[in-house]
Structures are given as C-alpha cells and as structure tokens.
Amino acid sequence: MLKVQGLFTEYPNERGQVVKAAQDVSFEVPEGKLFTLLGPSGCGKTTTLRSIAGLERPRAGEISVGDRVVYSSSRNIFVAPNRRGFGMVFQSYAIWPHMNVFQNAAFPLEVGQRRLSRKEIRDKVMRVLTAVQLESFADREATKLSGGQQQRLALARALVMEPELLLLDEPLSNLDAKLRELMRFELKRLQRELRITTVYVTHDQSEALALSHSIAVMSEGHIQQIGTPREIYERPRTQFVADFVGTTNFVDGTVLGPGAAPGHFRIRTEFGDVEVLSDDSLRSNDRVVLSVRPEDVELAETRPDGDNVWEARVDQKVFLGEFVDFQVKLASRILLSRCHPSLRTPVGDALYVKLHPEKCIALKAA
Amino acid sequence: MQAAGYPAMTAAAPAPWRSFDLKWIVIGVCVVFTVYIAVIPLAFLLWQSFFTPHTAAKAARFTLNNYAQAYGSTETLRLFWNSVQFSTGTAILAFVLGTGLAWMNERTNTPFKALFFALSIIPLIIPGILFTVAWILLGSPKIGIINLALQHWFGLEQPLFNVYSLWGMIWVDGLHYSPMAFLLMTAAFRAMDPSLEESATMSGANIFQVAWRVTLKLTWPAILATLLILFVRAIESFEVPALLGLPVGIHVFTSSIYQAVHRYPSQIGLASAYAMTLLAITTIGVYFVSRLSSAGNRYATMTGKGFRPRPIDLGPWRWVAAAIFIVYFLLIVVLPFLVLLWSSFQKFYSVPSWQALQNLTLDPYRFIFTYPNLSRSVWNTLVLSLGSATVIMLVTSVICWIVVKTKLPGRWLLDNIASLPMVFPGLVLGLSIMIFYLNVDVGIYGTIWIMFIAYVTRFMPYGLRYNTASMLQIHKELEESAAMSGASWGTTFRRVILPLLKPGLLAGWIYVMIVSVRELSSSILLYSPGTEVLSITIWELWENGQYVELSALGVLFILALFFLVMLAQWLGKKFGIKE
C-alpha cells in the first residue's frame, strides 16, 4: 500500500551543516498493517516519517500510496502535505489550545476538500470521539485534558477524515509509564479494528515489539533490518540490531567450520567451542560475534544433556521479583543470564551453563 | 573558621547570626533604595499637580487650577485626540511592518535572511533623535531629498510628502519602532510549537487557513500585547513630536509637557497635570500588557522536540518578499545613515548635486572635535552610563534574589515597585525628579547626580528583567549546598549566585549602558550647563541650526554605538547568552 523507495532526505542544521537524515531508505507497508520505524534519536526515523507526511522535502526517491505517487524526484512530483490526506499524530500532540475538544477534532473536516454539512461533521466527529472514549468531553477546553486524553484527542483528529495512511510520531513518549502501557493496548486494538495502514515511529523497543506487524530498525540514516517483531528479536542481522532491541551478551569468536545442521556453524570462543546459527554464509577463520539473549542462557546445578554445556561460577546475582539476573563467569568471560527465581545458587558456587545452538546467533564482526 | 579549613561543628554557632546580620543590611539597603527611587518622585508629581508653584515669596497652596487649566480648554481635547491618533497610527504601522517581516523571516524561504539580523540591532544603534533628523533631511517639503528627487523625476510642482504633519510623524515613529515589533513578534512565533501549524497542514488546511485559523488565533495575545506596547512607546516618544510636530503646531502630551516647562515662567503645575494623564494612560497600557502576557502563557506550548518548522516555499513570490525587505532596509538604515553622512561632509547643508559634491569638506568634523562641549558631554555620557549600568545590575540582582529565591512576605510588592519605572515616560520621570529635588534641596539639583538618579530609575526594570531571567535558572540546591558547605549568605551570594548570574549580568549591563548612552527625554529636563550628555549636545546643535555639525557628530555617534553593540553581541556569544 505505502511504498517508499530510495529515499534520501537532508537538511541544514542551525549551523548550516548538512544533516544526512535519511539515506537510501526503502520499505513497503501492506494494506492495514502497522509498520514501525525503530531507532535511537537522530537515526532519521522522524525525518523519514515527515518525508512521507510531506512536511520535509526529500532530495531523492519516490513515495507512493496505493497507485497515487505523492513524491517522486525523477518525475518531479511533490504533493503538498495538506493535499495528501494522511492523518498524523505528533509527539507533542499539537492540540490547539484555542479550540475545545470538538473543534479540534472537527478541524480536518472543516478545512478539507470535501464540503460537509454541519450534521455530517457532527456525526463523524462524535463517532470518532466515541471510538477514543472522549464523547463525554466534547465541549471541554482542550487545555483541560489530561495527557492521555490529549493523546486520544490527537488520534481522533488524525482519524476523523478517514485517512488512507496514519502517521504516528512517538505518540506515547510523553505519557507516564502506567498510562503508556494502557495506551499501547488501546492503540493496538484501534489499529487492528479499523485496519488502517499505519507508520509508527518510536525509540522504545518494547513499544515496537508490542504493536507492530513489522519493524524497520534504523541507525544513522540507514535501515539496518526489516522484519517481524520475532525475527528482529530472535534473528538480528547486525550487532546494532541485537544490541538496540533487547539485552544481549556479545562474545567474540572465530569460525571453525560448518556445524551439525544446515545453517549451523562451530565457532571458537575464549570459553570453548560453540555450536551456533547464522544467516550469513560463514567460512573458516571468519571473525564473528556471538549474540545470545540472557533468557537463553540456561543455568542448572546438575549437568544438563547435550552440546554447548560448560561449567561456570556465580559472580553476582540480583533478585528482581519475577526473575533473578545472574552474572556467571565462564573462563574470564562474564555472561548475563535471566532465570526463574527458584534457582538459588549462592554467589561463588559452581553451576552449569547451557546455550541452545538455535539461540546463539553469529554475526559478522564489524 | 574558614581560614582554619574546618567548618567545625562547635564553631558554627556565631556564624549564623553574623551572616544573618549582613544579609539583612544588604537586603535592607537595596529595598530602601529601590522604594525611594521608584516611589518618591511619583508621589511628588502627584502632589505638585495639586499645588501652586513653591517660590521664595509664596508658599505652595492647594489648588485644582492645574487640572482645570489642563482639562478646561478644548485645546486639551485636541491634544488628547492628537496623541491618540499619533500613537495608534504609529503602533499600527510599526506592527504591520514588524509582523510582516517577522513572518517572512521565521516562516518563509525569503532570500537575504542574514540581513534580518540587522533588524535586531538597528533600534539600538540609531537613536530616535538622529533618525528623526535624518528623516527631516529626507522628507521635508523644502530640502527633503526624496521629495526633490521625486519632483524632479515626475516633474511635479508640489512636494509629494511632508514630514511635518501627523502622517509624517506617524511614518517616522512607526518606522523607528518597527524593529521592536519585529523582535516581539519573532519571539511570539518562536514560542509556538511548530507542530501546531503542521498538524493543521496535515489536516488538509492550506497556507491561509493555517495562518488565519491557527497561527493568528494562537498569537492573538502576543499581537494585542505588541500593539499595546507599541502604543505606549509611541505616546511616550518625545523626539518625533518635538522635532516634527512642534514647528507646525501639532501638540501631543510629551511635547506639551516640554513646552509647559520651558515656557517663561515655567508652568510646572500644568506640566504635572499633563504628566499625570500621560502616566495614567501608560499605566493602564502596561497593566493590560502584563495581563495579556500571563494569558498568553496558557497558549505558549513549548513541548515536544521543537522540530524546526519547514519554511513555506513562496516560489517566485520570494523575490517580491526580498524586494519589500530591501526597500524597508533602505528606508530604515541605509538612507538615514547616508543622508547624515552626506550632510556631515558639507560646509552648509545642501541637497546632493554635482556642485555640492565638489565642495566636500571635513570642516564639520573639525568643528566637532574642537567643540568645547563635546569632550565634556562624552565624559558625562560615559560616566553616567557606566555608573548607572553597574549600580542597576548590582541592586537588581539582590532585588530579584529576594523576589525569586526567598519567601519573604511582600516580595511581589517589591517586584512591582522595582518595575514601576517602566510606566514612566522619560519626560514624566524627568519632570517628577526635577520637582522632587527642587523642593527637597539636598544639593544635587543641577549636578550630574540628578541625571544619575534619573537613569538608574528609568532603566532599573531592564536590569531586573535580565537578572530575573538568569536567576530563575539557578537551582535552589546550588545555594543550599553552598550553605551546607559552611558558606555564609554573603559568601554564597558573592561566590555562587553572582558568578552564575554573570552572563545575564553582563548582557544586562551592556544593554543598560547602550540605552543610557542614547537617553534624551529625561535628560532634557534635568541637564544644566556643564552636565550635558551626547544626546543633549545633538539636541542643542539642532536648536542652533548647526545641521552639518550635528550630522558629523551623529555619524560618529552611530559608529560608536555600532561598535558597542557588536561588542555586546560578541560577548553574548562568548558567554552563551541567547536573547
């Protein structure tokens, strides 16, 4: 539905230097899906979103929605943002303080291309306010709303003109933690119910994993990896992705040769030889980095069966209620492991570490 | 205790009450000084307006005569009406120009944006009196260069433009205040979260719908406040009405006050009655401005990451915008300065021509440098501006510490008292100080000290504003941790507060210095032979008809101010002050 191809957006900053915000960004979002641009601040995700909105003029590339091309550098097309008909929610919500709730939500219908009667406007606005549970606040001054309510109003305003595409720029980042989790469910429910194609920008990985059909992880203007939340988390393609999404252990190693199963390799690390998985075609003596998530580092007091098992010593542990974080020492290496609180091995005692080969992802060293 | 290097617990006992003592002495002195300086003259002005002049032969008597005389005649109605017309016209002209320019600069892709920077410094480097004189040379019906050029090109009999008229006054004063409107409106545009406009665009609104339904509606409080400030400034302004209005009998409040004082015998009671009216108008104006700006705070929603707004692409219209800006720039800087420069190289003032070009001379500059009054007035100006800037910044730093950091009862009153001089038009302030020290003889009337007091009073609110801005950024804990380390109040203030305030202090100090260097309307009622300042010397040269000499002095004055402002900008950058 939304197709972005070879997008380059640059702009001068206050000191006149050129900021290369989006570099060769390409992706597609199928109809009705929620697509997330995830990355640290300054990675170009917001600029990419603003280029889709038309608030930023790209230097090169092409953006189309359905069969409608809204930007193309080769054909010299640039549709003004107010003619694109996309709904957008800003990080600051941008609720107009001089209008009440109803007027804020009605604005897109009043200024739109299509002339609507008062009654039609009233009906549409009330319907969308009901969808975000603000129907009883219609006459309230917008500045008197709480943070969560303002957020829902911004969403209602973006949805009221029934846009083809919904753009969300860190919509939850200004809310406190409890409310943020609540709104996450709300947003997901609303998006799935309305089946509206959505591009979502965030720096919060748990938000991205929770909401998206697919995620693009960005760094320094480039897309590092596109995939489903599970793919991104379980099969990261670069060190950056593995590090940015979730917590991970990195261990340096050298490839010895192919492993027992297709896609498996044996690598040598400082604590021993490990059977790992890799999407790259690795050759002997390649330098790699092994990434393994803390919850995949299994600890046991009795020696488990199978491969990839070593003896280790408990270096430190932190009790966190739902789980215990262990730091265990293998040779000179410290691995972080997240375990069920029933494991109570004292600090300094020995235990066994097991790593499942499918959970050990070898990435080409940078 | 500190010398020993131990903030010993046992030795802590005597320190608190001693520091307590010093603290209260400093605070007390500053408070008394502020109240004295801000309130006393006002009280005497009020008193004087109800009394006959106090002379050697007769004691002052209570009378309503001054008000009767001031309000009994239709002349006053005309005066009021003139003032309102003049100020309203000036405010509207300045506002329209300033807002248009601010919008172009902040929101569009007009070329030559670097020149807009100049708009922020012009009002500082071209004093009102020089701007007015330059516009007389440009726009007078007999010798005005613009008039003569247009007459010549279009073969007209009559001059097109007469600067000696109400419209001429509005034109010159409006131009002069337009950079101020530009600065105020730029601030208003910047205070607005650009995503408020962007979300309107995303909702499908076009440029005009965004401008009308969002930008304008949101800046509405700022617009009203700007108009009011400009109105107050215009009704206070003295140079334009005095130089352009008086010769053709268009009187406004300020020029009438000046005339009443300078008549023989001077009618101070009448001047006070006028001054009270003027003061009432400005007080109401300033009151509403402060109300509006607190109402505006509700709208100033600086949240989010403050993405810079995408400038509106004007397409080919941007060249029209650039042309408008260049014409404006010519009118406000280039032409006034060039005409002064031209005139400063003439023996007698004459309109530019081939013949006049051959008679260029440095005589006016020679005259200026040998003018006996000059070195004295330069010295007086320097002493006054340096002295008042220093005193103001130090006193207001204590005042605003009290207001911002303490919980003393009545501190809001202190804040208001220190800001009180803001409502005084310069001329009214000069008048009230004059009256006070005429009646209470402490031996400073006719000395430079009376002008010093006037300057300190007049510019105290500026110092307060600069200090408050930086004081608000100093976290309470920085002081508390100094106290916990064993520092007394005096030490904390000297070693922690003042150094942290330094950027604001420095910026305020230079700003106060610049505005005091140009001060005319208070000085004009307070100076006496020997205490002239630069602006008074220019005024005297004008009165004597020494136009070329005035121009030479004016050119030098503008260059010196330019240098000073550049120094201020450089210092500001160095210390990271954003204004």
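Laboratory data are not the source of any read-out in this text; all were calculated from the coordinates shown. Owing to the predicted nature of the structure, the values given are computational and were not obtained by experimental measurement. Note that each Cβ is placed from the backbone with ideal geometry, even for glycine, and that neighbours are counted across all protein chains shown.
Brief remarks follow.
- Taking other Cβ atoms within 10 Å as a rough exposure proxy, A:305, A:296, A:243, A:176 sort from fewest to most as A:305, A:176, A:243, A:296.
- Relative contact order [Cα under 8 Å, 6+ residues apart], chain B, whole percent: 20
- If R0 is 45 Å, the Cβ-Cβ spacing of residue A:41 and residue A:260 corresponds to a FRET efficiency of close to 0.60.
- Annotation for the stretch A:257-337: trypsin sites (Lys or Arg not before Pro) lying in DSSP loop with at most 14 further Cβ atoms inside 10 Å of their Cβ are A:283.
- Lys/Arg +1, Asp/Glu -1 at C-beta; the protein assembly as shown dipole; positive extreme among A:106, A:151, B:487: A:106
- Rounded to the nearest 20 debye, the dipole magnitude of the stretch A:2-242 is 480 debye, with +1 charges on Lys and Arg beta carbons, -1 on Asp and Glu beta carbons, and the Cα centre as origin.
- Taking other C-beta atoms within 10 angstrom as a stand-in for reagent exposure, B:180, B:434, B:460 fall in the order B:180, B:434, B:460, fewest first.
- Summed residue charge, Cβ within 15 Å of residue B:285's Cβ, Lys/Arg positive, Asp/Glu negative: +1
- Lysine-lysine proximity count for the stretch A:2-242, Cα under 28 Å, sequence distance 8 or more or distinct chains: 17
- Under the simplified labelling scheme, the residue B:165-residue B:574 pair shows an inter-label distance of 5.1 nm, with each label point 7 Å from Cα along Cα→Cβ.
- Over all other residues within a Cβ to Cβ distance under 15 Å of residue B:464, the charged ones net out to +3, with Lys and Arg as +1 and Asp and Glu as -1.
- Semi-axes of the equivalent ellipsoid for the stretch A:282-366, Cα gyration tensor, largest first, Å: 25, 14, 12
- Relative to the dominant Cα principal axis of chain A, helix A:147-159 is inclined by about 70°.
- Charge-dipole axis of chain B as Lys and Arg at +1 and Asp and Glu at -1 on Cβ define it, positive-most pick from B:496, B:257, B:545: B:496
- Dipole in debye (nearest 20) - chain B, about Cα centre, beta carbon charges: Lys, Arg +1; Asp, Glu -1: 1140
- Base-10 log of normalised Debye intensity for chain B (one unit scatterer per alpha-carbon) at q = 0.07, 0.11, 0.12, 0.13 Å⁻¹: -0.48, -1.15, -1.33, -1.49
- Charges were assigned to the Cβ only: +1 to each Lys and Arg, -1 to each Asp and Glu. The resulting dipole of the protein assembly as shown about its Cα centre is roughly 1120 debye.
- Within a Gaussian network of chain A (alpha carbon springs, distance under 10 Å), most fluctuating of A:201, A:65, A:318: A:318
- Three-way shape call for the stretch B:339-401 based on the alpha-carbon gyration tensor, with the a/c threshold at 1.5: prolate
- Amide N of the stretch A:256-280 lying under 17 Å from the label point, which is placed 7 angstrom from the Cα of residue A:298 along Cα→Cβ: A:274-277
- The stretch A:167-248: trypsin sites (Lys or Arg not before Pro) falling in loop per DSSP and having at most 12 other Cβ within 10 Å: A:195
- Put a dot 7 Å past the Cα of residue B:187, heading toward its Cβ, do the same for residue A:28, and the two dots end up 5.4 nm apart.
- Note on B:532, A:31, B:106, A:10: ascending count of other Cβ atoms within 10 Å places them as A:31, A:10, B:106, B:532, the fewest first.
- Looking at the stretch B:371-474, the trypsin sites (Lys or Arg not before Pro) that sit in a DSSP loop and have at most 10 other Cβ atoms within 10 Å of their own Cβ are B:407.
- Options A:228, A:22, A:86, ranked by Cα towards positive dipole end of the stretch A:2-242, top entry (Cβ charges): A:86
- Cα→Cβ-extended label distance, 7 Å offset, between residue A:173 and residue A:344, nm: 4.4
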